[in-house]
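S.K.: Take this structure, written in C-alpha cells, and hold onto it; I'll ask about it next.
The values are calculated or read from the model by the stated rules, or taken from the named source; none is laboratory data. What you are looking at is a predicted structure, and each value in this text was computed from that prediction instead of being measured. Methodologically, a virtual Cβ is constructed for each residue, glycine included, from the backbone with ideal geometry; neighbour enumeration extends over all protein chains shown.
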Amino acid sequence: MKAMPQNFYEEEEAEAILRIASKRVALGNVSRDELLASAAELGIPAEAVLEAESAYRNQRVEVGLRREYDQYAKREFLSSIGSWFFVNCGLVALNVFTDHQVSWALWPVCVWGFFVLMDIPETFLRGSTEYEKHYQKWLRRRAKKEAKESALPVGEPGA
C-alpha cells in the first residue's frame with residue numbers, strides 16, 4: 001500500500017473533514033459511552049466532551065425558546081394589525097356617516113398605525129436591541145408563569 005503524504009490541517013479543517021467522514025459512515029444513534037470513546041481516541045478529554053454536550057443542549061433550548069418567542073411575537077403583531085384595521089374601519093365609517101366636513105378619523109388611523117409600525121423591530125428584526133429587549137421581557141414573564149403554575153397544588157383551578 002502506498003504511504004500517504006503527511007499533511008497538516010487547521011482545527012476547523014480537521015473538524016469539517018471528520019464531520020463529513022462521520023456522515024458517510026452513517027453511525028446512526030451513538031451512545032454517550034461511544035461518544036466518549038471516540039473522543040478519547042481523538043485525544044479529547046471526557047470533561048471537554050461533557051462540557052460540549054451541556055453547551056449543545058443549552059443551545060438547543062435557546063433555539064427552541066427563540067422559535068417560541070418568534071411565533072408569539074408574530075401572533076401579537078398580527079393581532080395588533082387586526083385590531084387597528086377593524087376599529088379604524090368602524091371609526092372611518094362613523095366619520096363618513098355622521099360628519100362630512102372634518103375627517104377626524106384620520107388622526108386615530110395615522111397615530112395608531114404609527115405605533116403598530118413601531119412594533120416591527122421587536123417582531124421581525126432578530127438582531128435589533130428592541131427584539132432582544134422584548135425577548136428578555138418575554139422570558140421573564142414565561143419564567144414567572146411557569147413558577148406560578150408549578151406552585152399550584154394539584155386539583156386547583158388553573159393547574
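S.K.: Please list, ordered by first then second residue, the pairs with beta carbon atoms under 7 Å, 6 or more apart or interchain, first in the stretch 142-153 and within 22 Å of Ala73 (Cα to Cα), second modelled with pLDDT of 85 or more and among the aromatic types (Phe, Trp, Tyr).
M.R.: Between residues of the stretch 142-153 that are within 22 Å of Ala73 (Cα to Cα) and residues that are modelled with pLDDT of 85 or more and among the aromatic types (Phe, Trp, Tyr), there is no close pair.
S.K.: What are the residues in the stretch 61-86 that are without any contact (Cβ under 8 Å) to a residue 24 or more places away in the chain, over 19 Å from Glu132 (Cβ atoms) and surrounded by 12 or more Cβ atoms within 10 Å (Cβ to Cβ), if any?
M.R.: Matches in the stretch 61-86: Ser83, Phe85.
S.K.: Kindly provide the set of residues from the stretch 1-48 that are modelled with pLDDT of 65 or more and of a type in the set (D, E, K, R), ordered by number.
M.R.: Selection gives Glu10, Glu11, Glu12, Glu13, Glu15, Arg19, Arg32, Asp33, Glu34, Glu41, Glu47.
S.K.: Can I ask one more? Name the residue that is modelled with the lowest pLDDT, counting only residues in the stretch 117-137 that are surrounded by 14 or more Cβ atoms within 10 Å (Cβ to Cβ) and over 14 Å from the mean Cα position of the chain (by Cα).
M.R.: My answer is Pro121.
S.K.: Can we say Leu65 is part of a helix (DSSP H, G or I), at pLDDT 90 or above and not charged (D, E, K, R)?
M.R.: yes
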